[in-house]
Amino acid sequence: MTNLTRRLAIAGATLTMLLAAACGNGLNSSGGARIDARVDATLDYLFTTYPGTKALADEASGILVMPLVTEAGLGIGGAYGRGALQIDGVTVDYYASYQGSVGLQIGAQQYAHVLFFMTEKALQDFRTSDGWAVGADLEYAYKGEGQTLSAETTTQMNPVKAVVFGQAGFIAGASIEGTKYRRIIP
């Protein structure tokens with residue numbers, strides 16, 4: 001690794017940590033009650049704003065709700081969020097989402113996402129896997145409007161439907177990324 005590459009890596013990691021801390025996505029909070037309140041508010045917003053997702057949730061074997069994910073990057077990026085896995089409307093586990101990315105990217109954004117597990121097998125595979133999903137994204141977010149064009153191994157191999165919404169901030173770029181969902185005890 002050259003000195004310039006090392007400096008860019010350190011600068012990108014530092015920027016990511018500072019922006020994630022500044023965006024207030026609950027890094028320092030504790031307790032399942034706070035996560036549950038955010039999950040409930042996120043689902044209310046999702047079902048009100050996108051009514052078709054209610055039928056999707058009713059058909060799903062389980063849903064993973066990540067109410068607030070903060071992402072930042074400058075060449076090297078990362079994202080973090082916490083949420084809950086619900087089965088039949090009841091929280092059964094809490095998860096943290098960690099993402100690392102590298103590519104032509106700059107900026108920061110916050111968003112929510114929900115994974116709908118449409119079969120018992122997909123839900124079981126998620127709950128027993130190590131949680132990595134590798135993908136490629138082309139995205140932008142600006143003033144509350146965002147678009148993402150992506151391909152991900154989780155949704156390509158399993159009947160899992162992902163909805164990303166509520167994007168706010170400014171981010172632009174193309175990247176290769178990996179996401180890990182890890183069960184946590186809040």
### Message
The conditions are (1) crowded, with 17+ Cβ neighbours inside 10 Å; (2) modelled with pLDDT under 95, and Y50 fails exactly one of them. Which is it?
### Response
(1)
### Message
Just to verify a result, which residue in segment 83-99, among those that are out of contact with any Phe, Trp or Tyr (no Cβ under 9 Å at 6 or more places or on another chain) and in contact (Cβ under 8 Å) with a residue 60 or more places away in the chain, is surrounded by the most Cβ atoms within 10 Å (Cβ to Cβ)?
### Response
Y94
### Query
Can you name every residue in segment 150-174 that is more than 15 Å from H113 (Cβ to Cβ) and modelled with pLDDT under 70?
A151, T153, Q156, M157, N158
### Message
When you scan segment 67-77, do you find a residue that is under 23 Å from P159 (Cα atoms), buried (at least 16 other Cβ atoms within 10 Å of the Cβ) and at pLDDT 95 or above, even just one?
### Response
yes
### Query
So which pairs qualify, if the first residue must be in segment 22-45 and outside any helix (DSSP H, G or I), the second must be at pLDDT below 90, the Cβ gap must be under 7 Å, and the two must be at least 6 apart or on different chains?
L27/A20; L27/A21; S30/P186; G31/P186
### Query
For segment 80-106, which residues satisfy the criterion of being touching a helix residue (DSSP H, G or I) at 6+ places or on another chain (Cβ under 8 Å) and of a type in the set (G, A, S)?
G83, A84
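The values are calculated or read from the model by the stated rules, or taken from the named source; none is laboratory data. Predicted, not measured: the structure shown is a model, and the values here were computed from it. Glycine also receives a Cβ, built like all others from the backbone with ideal geometry; neighbour counts cover every protein chain displayed.
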